[in-house]
Amino acid sequence: MYEHHRLTIENLRNHYEQNRDNIAFIVNGSVARGEAGKESDLDYWLVVEDEIFAELSAKNSVSLEANEYCVPPCSEANGFVTSKMALRNLRDRGSELMRWAFCKAQVIFSHDREIEALVTEIPCYPEQDRIRRMESYHSQ
């Protein structure tokens, strides 16, 4: 991880951690996976209470842009708001693409012990559902 990415993450952490409505801050994407180039953007998820997430979802306001916290040459910090319930659903029924989004994701802060486990479990394919999924696909 480049120093400017680390500093950008620290700026975002300081900003988001001040608000107690924010349960957790998770960095994902190329920076988290260690594949980022020098000018790569920073991708992240902000976990909020289920009720807040439902309100934001109803208004189609789940995307975040926090470019003002970036340390150059990183110029973009883009994220999404989610909830613990949404993370559980993703762990239990998420598509492979959404699971990949959490591959090597890093929990930067969390006020809830369950978040770390969820983030670790999301990228794991639910082997117990493999046969059911294949049969469902075949029947279509």
- [ ] Under 29 Å Cα to Cα from Lys59, which lysines show up? Leave out anything in the same chain fewer than 8 places away.
- [x] Lys84
- [ ] May I ask you to rank Thr8, Thr120 by accessible area, largest first, using a 1.4 Å probe over the protein chains only?
- [x] Thr120, Thr8
Task: Excluding exposed DSSP-loop GluC sites (Glu not before Pro) (at most 16 other C-beta within 10 Å), longest clean stretch of the chain - done: 77-140
TODO: Normalising by the residue count of the chain, find the relative contact order in percent from Cα pairs under 8 Å and 6+ residues apart.
DONE: 27
- [ ] Net charge near Phe109: determine it from the other residues with C-beta under 10 Å of the C-beta of Phe109, scoring Lys and Arg +1 and Asp and Glu -1.
- [x] 0
Open item on the list: Place a point 7 Å from Cα of Phe109 in the direction of its Cβ. Which residues in region 1-17 have their backbone N less than 17 Å from it?
Closed with: 6-17
Open item on the list: Considering only protein heavy atoms and a probe of 1.4 Å, how much of the accessible area of the chain is carbon and sulfur, as a whole percent?
Closed with: 49
- [ ] Using amide H atoms built 1.01 Å from N in the peptide plane, name the residues 5+ places from Ser83, or on other chains, whose amide H lies under 5 Å from its own.
- [x] Val48
Task: Residue-count net charge about Leu118 - beta-carbon cut-off 14 Å; Lys, Arg +1, Asp, Glu -1 - done: 0
Open item on the list: Give me a comma-separated list of calculated 3J(HN,Hα) values for region 2-8, in order, Karplus coefficients 6.51, -1.76, 1.60 applied at θ = phi - 60°, integers in Hz, x for any Gly or Pro.
Closed with: 6, 4, 5, 5, 4, 5, 5
Task: Spin-label model distance (nm) - Asn14 vs Leu97, 7 Å beyond Cα toward Cβ - done: 3.7
TODO: Excluding Ala32 itself, calculate the net charge of residues whose Cβ lies under 10 Å from the Cβ of Ala32, where each Lys or Arg counts +1 and each Asp or Glu counts -1.
DONE: 0
Task: P(r) of region 1-83 over all Cα-Cα pairs, binned every 10 Å from zero, in whole percent - done: 19, 50, 25, 6
TODO: Hey, can you find the accessible area per residue of the chain for me, probe 1.4 Å, expressed in square angstrom?
DONE: 59
Task: Karplus 3J(HN,Hα) series, Hz, for region 37-52 with 6.51 cos²θ - 1.76 cosθ + 1.60 (x for Gly, Pro) - done: x, 4, 9, 5, 7, 10, 9, 7, 10, 10, 8, 10, 4, 3, 5, 5
Open item on the list: Using C-alpha positions alone, give me the convex hull volume of the chain per residue in cubic angstrom.
Closed with: 124
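The values are calculated or read from the model by the stated rules, or taken from the named source; none is laboratory data. The model shown is predicted, which means the values in this text are computed figures rather than measured ones. Note that we place each Cβ from the backbone using ideal geometry, even for glycine, and neighbour counts take in every protein chain shown. SASA here: full protein model, heavy atoms, side chains in, ligands and nucleic acids out. Shrake-Rupley method; radii C 1.70, N 1.55, O 1.52, S 1.80 Å.
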